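Contents: one structure, followed by commentary.
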Amino acid sequence: MTIEEQKYTDIMKEDLLKNVKDKCESGYRLVQIGCGKFGDIFEINYSFEKEYSFENLRIKTTEGEKVPSISDIYWGSFIYENEIHDLFGVEVTGINLDFKGNLIRTTVKAPFNVKNVTKVKPEKKETAEKKTEDN
Amino acid sequence: MKLFSMTKTIFKTLGRGPSTIRYPKEPAKRYEGTRGQVEIKIEDCIFCGLCSMHCPSDAITVDKPVKIWTIDRFRCISCNSCVEACPKNCLCLNNVYHEPVLNGPLTESFTGSAEPAEVSSEN
Amino acid sequence: MSRRIVVPFGPQHPVLPEPIHLDLVLEDEHVIEAIPSIGYVHRGLEKLVEKRDFKDFVYIAERICGICSFIHSVGYCQGIENIMDIEVPKRAQYLRTIWSEYSRLHSHLLWLGLFADSMGFENLFMNSWRIREKILDAMEETTGGRVIQGSCKVGGVRRDISDSKLKDMVKDLDILSSDIEDLCHVFFDDDTVIHRTKGVGVISKEAAYSLGAVGPTARGSGVSTDIRKTGYVAYADLDFSPVVETGGDCYARCAVRARELLQSVDIIKQAVDAVPSGDIDVKVKGNPDGEYFSRVEQPRGECLHYIKANGKKNILRERVRTPTTANIPALVKMLGGCEMADVPVIVLSIDPCIGCAER
């Protein structure tokens, strides 16, 4: 069952700005920037749309590498780039509105980059017992 | 008369009576399909643990060796997932919401054994 | 030049239904710049996908948002169905369409109420919500839940609606649509509403497009974009065209939503007329392997579910881009240059759902 054709293009990180600029000039709108961590590699998808045709640029990066911001081309990209930085710890350089890790404030830094963010079960039991004692 | 654009609505509403229910006096609205809370026929339960595996909010715990089935009513989101997962069809979702309580946790345990199901509620 | 001051706005504010914080840089009463910050309700729902069976994640996908929950589940299921190449029965597609439009009705009515409240028109607020209650009743009767429906699953829907019930629903909607028309009439013509919304928070067509605005925010500025036109679920068979206003101000965004109410009623009627009989679900075997960007049109705009799986029971990554996230850049631009007193109205006019935006 296919609703629409979706095009994926793998590009090098160095060519990102050039490719995005091309997209911008041919009238595409930025749909989203999304990151995912698969193994040690971060995949960042830049999705564009023009008249219901959906296209994707994909770059791959690893821990510690910096990714250039596209906010000079698409002003609104700051929200996605800050989000990627806050959730995955991927450093994005040159964002027009850089929140420096304060857009999504979490107790665990870069929560989507660590192996396990789970609740601690025994602690919950203790507090539950305490509550019954208090009663 | 742009200033009095609400007039029609006001007159319509006047003839209609209140739209709200005087809740504790009148019972709340309830439909046949409303998702209320999970009920278990413990005598049919085989303690396979499928319901707790499929519970999105970890509300159900099943202890197979001692045959105890426990549900945390505060965690339960009445999603019907356990009912669908149950191979013996011993779970069902009724259409009654739980009575309001003042303090929790609100866990209910059911013990499966030869004698009739025993219900204990700890508060 | 007068002195600049910074006024914090939110996260706790009488008109804000959800926590967004804005730092407003003011010069007298003029807003020079607004800097948004979110991050009060991040729940990490996307991360949970790694721990749940992909079929059970529907329940979590649905709880991303408390208003457009049904459409979130449609988006998620549609993504999985695309990856696994499942053909969903036609009847299920139509039921999904009907419930999606019911969600849109309830969301827009909720928003119109909140919007009236943001400009201090309490009575209109109550009237909107009175109508919304009828929509919620129909939802509860057919799906079992008022706002969290839980009736969509991978491979179809969980509950069927009988044909007689569908007819009753249409009859109820006929009665409701006269109420809705009265309500729209107030939003279109009332002096109070016009004074508070006309020419406030203007964003041009070009700006809305390049900032990536979606949904009523974009359509209010004249950008004709509606993901329903891609023809997901049963929308391909139904006749409608995106509601577009050209004003670009709060009034236009409000008018788009008000007109979409009547459009939704119309779509439901068309869908009920055309609903085929047959199965409502297919059995799902195996696990998904692949990736897909599933796009759906929520009441607030385009929502995107990116799913990547590797043939295991647990999905590798799900990324949800909700319409509010896409509309925040547009909101920032709208706020620059407005009056301090108009800030609540402008913030409300994009229908912010921060719970969705942070997941």
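The values are calculated or read from the model by the stated rules, or taken from the named source; none is laboratory data. From a predicted model like this one, the values you see are computed outputs, not experimental measurements. Because the Cβ atoms are built from the backbone with ideal geometry, glycine has one as well, and the counts that use them run over all protein chains shown. Side chains included, ligands, DNA and RNA excluded: accessible areas come from the protein's heavy atoms. Shrake-Rupley method; radii C 1.70, N 1.55, O 1.52, S 1.80 Å.
Quick notes on this one:
- Pairs meeting the criteria (first residue in the stretch C:176-197 and free of Cβ contacts under 8 Å to residues at least 60 places away in the same chain, second residue open to solvent by 60 Å² or more (accessible area, probe 1.4 Å) and aliphatic (A, V, I, L, M), beta carbons under 6 Å, at least 6 apart or on different chains) are C:Asp191/B:Leu3.
- Filtering the stretch B:1-42 to residues that are facing chain C (nearest Cβ under 9 Å), in a helix (DSSP H, G or I) and surrounded by 15 or more Cβ atoms within 10 Å (Cβ to Cβ) leaves B:Thr9, B:Thr13.
- Candidates in the stretch B:51-76 are the residues that are within 11 Å of chain C (Cβ to nearest Cβ) and not polar (S, T, N, Q); of these, the one that is farthest from C:Ile135 (Cα to Cα) is B:Met53.
- The criterion of at least 1 residues that are of a type outside the set (Asp, Glu) and within 11 Å of chain A (Cβ to nearest Cβ) is met by the following strands (runs of 3 or more DSSP E) wholly inside the stretch C:1-85: C:21-27, C:30-37.
- Candidates C:Ala138, C:Ala234, C:Ala208, C:Ala213, filtered to the one that is at pLDDT below 85, on the phi < 0 side of the Ramachandran plot and either buried (at least 23 other Cβ atoms within 10 Å of the Cβ) or within 12 Å of another protein chain (Cβ to nearest Cβ) (or both): C:Ala234
- Looking only at the stretch C:160-178, and only at residues there that are within 11 Å of chain B (Cβ to nearest Cβ) and surrounded by fewer than 17 Cβ atoms within 10 Å (Cβ to Cβ), the one that is farthest from C:Ala138 (Cα to Cα): C:Ser178
- Count - residues of the stretch A:46-77 that are closer than 25 Å to A:Phe99 by Cβ, without any contact (Cβ under 8 Å) to a residue 24 or more places away in the chain and buried (at least 17 other Cβ atoms within 10 Å of the Cβ): 2
- Members of the stretch C:183-196 found to be crowded, with 17+ Cβ neighbours inside 10 Å and within 11 Å of another protein chain (Cβ to nearest Cβ), listed by number: C:Leu183, C:Cys184, C:Val186, C:Phe187, C:Asp190, C:Thr192, C:Val193
- Taken over the stretch C:305-350, the criterion of being more than 22 Å from A:Pro111 (Cα to Cα), within 11 Å of chain A (Cβ to nearest Cβ) and basic (Lys, Arg) is satisfied by C:Lys333 alone.
- Residue list for the stretch A:82-96, restricted to those being of a type in the set (A, V, I, L, M, F, W, C) and either exposed (fewer than 15 other Cβ atoms within 10 Å of the Cβ) or touching an Asp or Glu at 6+ places or on another chain (Cβ under 9 Å) (or both): A:Leu87, A:Val90, A:Val92, A:Ile95
- Residue satisfying all of: in the stretch A:47-79; among the hydroxyl-bearing types (Ser, Thr, Tyr) and closer than 15 Å to A:Cys35 by Cα; nearest to the other protein chains (Cβ to nearest Cβ) among these: A:Ser47
- Total residues in the stretch A:38-94, condition of a type in the set (Asp, Glu), farther than 23 Å from A:Gln6 by Cα and touching a strand residue (DSSP E or B) at 6+ places or on another chain (Cβ under 7 Å): 2
- Residue in the stretch C:197-204 that is within 14 Å of chain A (Cβ to nearest Cβ) and either more than 23 Å from the chain's Cα centre (by Cα) or open to solvent by 40 Å² or more (accessible area, probe 1.4 Å) (or both) present: yes
- Counting only residues that are without any contact (Cβ under 8 Å) to a residue 40 or more places away in the chain, of a type in the set (D, E, K, R) and more than 14 Å from every other protein chain (Cβ to nearest Cβ), the stretch C:237-285 holds 5 of them.
- One residue alone among B:Asn103, B:Asn80 is open to solvent by 30 Å² or more (accessible area, probe 1.4 Å) and on the phi > 0 side of the Ramachandran plot, and that residue is B:Asn80.
Here is a yes/no grid of residues against (1) away from chain B (no Cβ under 12 Å); (2) at pLDDT below 85; (3) assigned to a loop (DSSP other than H, G, I, E, B); (4) buried (at least 22 other Cβ atoms within 10 Å of the Cβ):
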site	(1), (2), (3), (4)
C:Arg104	yes, no, no, yes
C:Ser107	yes, no, no, yes
C:Gly113	yes, no, no, yes
C:Ala116	no, no, no, yes
C:Arg130	no, no, no, no
C:Lys134	no, no, no, no
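- Filtered residues of the stretch C:338-354 (kept if small (Gly, Ala, Ser) and surrounded by fewer than 23 Cβ atoms within 10 Å (Cβ to Cβ)): C:Ala341
- Residue within the stretch C:307-323 that is open to solvent by 40 Å² or more (accessible area, probe 1.4 Å) and in contact with a helix residue (DSSP H, G or I) (Cβ under 8 Å, 6 or more places away or on another chain) present: yes
- Some residue of the stretch A:80-93 being more than 13 Å from chain C (Cβ to nearest Cβ), closer than 30 Å to C:Thr230 by Cα and at pLDDT 85 or above: no
- Qualifying residue in the stretch A:27-48 (condition: over 15 Å from the mean Cα position of the chain (by Cα), closer than 21 Å to C:Arg321 by Cα and in a helix (DSSP H, G or I)): no
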